[in-house]
Every structure is written in C-alpha cells, then in structure tokens.
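Here, each number is a calculation from the coordinates, and none is a lab measurement. Bear in mind that the values here come from a model prediction, so they are computed numbers and not experimental data. Cβ: placed from backbone, ideal geometry, glycine included. Neighbour counts: every protein chain shown.
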Amino acid sequence: MVQEVRIARRTGFCYGVREAIDKAKVSASAGKQTSTLGQVVHNEGVIRQLQVAGVRSVDTLDDVNGGAAVVIRAHGVKPEVFERAEARGLEVIDGTCTWVIQEQRQLQELVDGGYTIVLLGTPKHPEVVGLLGFAPDAIVVDEEEDWVRIPSRKRMALITQSTQPPWKFEKLAAYMVSKAHELKIVNTVCPVTIRRQEDTLETARAVDLMVVVGGRHSANTKELTRLCSIVGTPAIQIENALDLTDAAAFARARVVGVTGGTSTPLEDLREVAEHILRTGGTPEIAKRATELASAALDAVATPAGRTTSLPRATPASVA
Ligand code: SF4
C-alpha cells in the first residue's frame, strides 16, 4: 500500500500559460469585458476559475463585442488575427508566450532567407496553425511515417513546435541531413518542456508507480507517460483526480510519483496526491492524506510554479 507520494519538481503551469492567464485576470479585474480566443488551457477547473474572475472563452472574434478586450493565448495566432481584431475595434491583449514569439520571428527569417521549411509539429495544434501564418508553405510533419513527404531541396530548414520531444526533433534532423545540400536547424524545443521531462524521469526512477496528470490529447503529457515507461516505471495517465477510480492500481506501490503537463495547475497535482494517499494509503496514511499531499507539494513547488501569480479574483472584485 502507498506510504508516500512524491511530486516531480518544476511542474504546474509553464510561464507562458501562467502569463496569459494573469493578463486575462488583470484585464477583467480592471472592469473590462474580457474574453480569451479559445480556451487558455483545456482544464475545466481553470476555465471555471476564469469565469468566476469574469473571463469567458470564445471560439471566434465575431463572438467579442466591439471595444471589449480579447486575450491571445500562449500558443499565439496568425498575424491576420491581430489585424482582424484591430479592424473590429477590439482591444488585443497579447498573451503569446515569449518563446513562441521568438519561434515566429525565426520562422519569418527562414522564409525571408528562401529556405524550404519543414516544421515538426501536430498539424492542427493552435501553435502550429499560428506558425503557418508566418510560413504558409512550410511542410508540417509529425510522426515518422509522415517524413517520406519531405522532398530533397538545395537549401532546407528544420524548426519545431515548442512542445515536441527533443529526441524526435534530433531524429528528424538526422533524417534530413541527406535531403539537402544546406540544412539549417533551428532548435525551438521549449526549455520548460525539457526540464519537465528531466524532472519527471528523476521522479520516475525513484518510485514504484507514476501518475501523469494532463489533457488526454496533450502531446507533452503523453510524452511524460512514455518517458516513465522507458525507465521501466509503470505509469497511469489521467486528466484529474476523478479519473482515479481503481484503488487496486496502488495495491503494489509503496512510493507513487506524480507529474503533470504544462497546462496542469499545481492544485490538480495536490488533489491527485491527496486522492492517492486517501484511497491507496495505509489506514494511518489515509487519515493524514490532506496534510501529506500539501507537504509533498510544498517540498517541490516554488511560488513561480503556482497556478497564477495573482490573488484569485472574486465576483465582487471584478463586478
Ligand atoms: S511550453 Fe514553453 S513555449 Fe509553450 S507556452 Fe509554455 S513556456 Fe511557452
């Protein structure tokens, strides 16, 4: 039975997601009608919290009233989205992550340099859709079976969506060496993604079972689960504590590790830790589940890793 839960270091929201959330909250608390263009993260708890703070999520700019504020989320958008928003008289609050802005600039330089560009990424992912606004002719490839579509050209460049696994980027770079006379490689894998993978591996090596918390379709979450199995630690991937319905999963585990994707708030990790201790722990441990889960979080989480750097807004404070 479970005697201890360890949370991986440097989990919680990445700085890009946190900044976008904070900008939306600041706008709403200043009394502005505020919407995010698309869900800022696919996490129900966070979306609810934003609604309470007065921030709603819209699918298109047409759903935002003239004069209201619209927040661009961390993934960024095509340049034309900014133009359309401004033409509609909206106040645009740019929450594009600084790393993604840099990526967009580098992509633009490759376009200006006349390279045939290969972009490693998930074709419909919002970050990739935004990047294609800068390089409409870029060839987007994801899994290895896609790579046969890459042509041979004299001058080629390779760049990547920020959350792609580094090993895949390196493998594709090696594959492309024989495709071009000149190959320019721009490594835009986000350092936050790399650090998170390192910390997850460190935890996975020291525990009997890992629980990975994040969106079902999140590429960076799936990669964390894959890495756990590579070091031989069984891993369960869930969206939140409610998905942990089988207490028997913890019967053979003494120490359980918990980690999360870049869109998973620390609060969710604490809840998962508490649930594991309460349902899978010894009677003595189960009684102290709340206290032990908070201690596990405090042992690793720095204030910078918290869900948001701002105090939570209340309906009264944003009215
Ligand atoms: S994963 Fe990295 S690039 Fe993507 S939003 Fe977070 S900090 Fe920015």
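Straight-line reach from K171: which lysines fall under 24 Å, measuring Cα to Cα and dropping same-chain residues less than 8 apart?
K124, K154, K179, K184, K222
Taking H as built 1.01 Å from N, whose amide H comes closer than 5 Å to the amide H of I7, not counting residues under 5 places away?
When sequence neighbours closer than 5 places are left aside, the close amide H contacts are V258.
Expressed in nm to one decimal, what extension gain is obtained for the pair E291 and Q108 from 0.36 nm per residue of sequence separation less their Cα-Cα distance?
Working: separation 183, 0.36 × 183 = 65.88 nm, distance 5.04 nm.
My answer for the length gained is 60.8 nm.
Over segment 177-259, what is the relative contact order in percent, taking alpha-carbon pairs closer than 8 angstrom and at least six residues apart? Provide the component values of the computation, followed by the final result.
Numbers: 92 pairs, mean separation 29.2, N = 83.
Relative contact order of segment 177-259: 35 percent.
Which parts of segment 104-143 would a label at Y175 reach, counting a residue when its backbone N lies under 20 Å from a point 7 Å out along Cα-to-Cβ?
116-125, 128-129, 132, 137-143
Whole number please: convex hull volume per residue, Cα atoms of the chain, in Å³. All intermediate terms of the calculation are to be shown ahead of the outcome.
Working: hull volume 41.3 nm³, N = 319.
Taking the convex hull of the Cα positions in the chain, it is 130 Å³ per residue.
5 Å is the cut-off here: which amide hydrogens, built 1.01 Å from N in the peptide plane, fall below it relative to T36, excluding neighbours closer than 5 in sequence?
R56, S57, V58, V71
Given N residues in segment 71-227, what is its alpha carbon radius of gyration divided by 2.2 N^0.38 Å? If you can, show how the numbers build up before the last one.
On the way: Rg = 17.1 Å, N = 157, 2.2 N^0.38 = 15.0 Å.
Cα Rg divided by the expected 2.2 N^0.38 Å: 1.14.
How large is ³J(HN,Hα), in whole Hz, for each residue of segment 73-87 in order, when computed from phi with the Karplus curve 6.51 cos²θ - 1.76 cosθ + 1.60 and θ = phi - 60°, using x for Gly and Pro?
3J(HN,Hα) across segment 73-87, in whole Hz: 6, 4, 5, x, 9, 5, x, 5, 5, 4, 4, 5, 5, 5, 4.
Pairs of Cα atoms under 8 Å, at least six residues apart: use those to get the relative contact order of the chain, whole percent.
On the way: 626 pairs, mean separation 83.4, N = 319.
In percent, rounded to a whole number, it is 26.
For segment 32-79 and segment 171-197, what is the centre-to-centre distance using only Cα atoms, to the nearest Å?
Rounded to whole Å, the Cα centres lie 32 Å apart.
Using only the alpha-carbon atoms of segment 243-289, report the extent along each of the three principal axes, biggest first, to the nearest angstrom.
Computed over the Cα atoms, the extents are 32, 20, 18 Å.
Go ahead and run the numbers for FRET between D94 and D208, Cβ-Cβ distance against an R0 of 35 Å, rounding to 0.05. Don't jump to the answer; show the numbers that get you there.
On the way: r = 44 Å, r/R0 = 1.27.
Rounded to the nearest 0.05, the efficiency is 0.20.
On average over all directions, what projected area in square nanometres does segment 15-96 have, based on the convex hull of its Cα atoms?
On the way: hull surface 18.7 nm².
Average projection, Cα convex hull of segment 15-96: 4.7 nm².
On the Cα set of segment 99-190, report Rg and Dmax in Å, please.
11.7, 32
Remind me, relative contact order of segment 1-58 in percent, using alpha carbon pairs under 8 angstrom and six or more residues apart? Numbers along the way, then the final one.
Details: 44 pairs, mean separation 19.2, N = 58.
After rounding, I find 33 percent.
Would you compute, from DSSP H runs of 4+ residues alone, the mean residue ellipticity of the chain at 222 nm, taking -39500 (n - 2.57) per run and dividing by the full residue count, rounded to the nearest 500?
Numbers: 12 runs with 127 residues, N = 319.
One gets -12000 deg cm²/dmol as the mean residue ellipticity at 222 nm.
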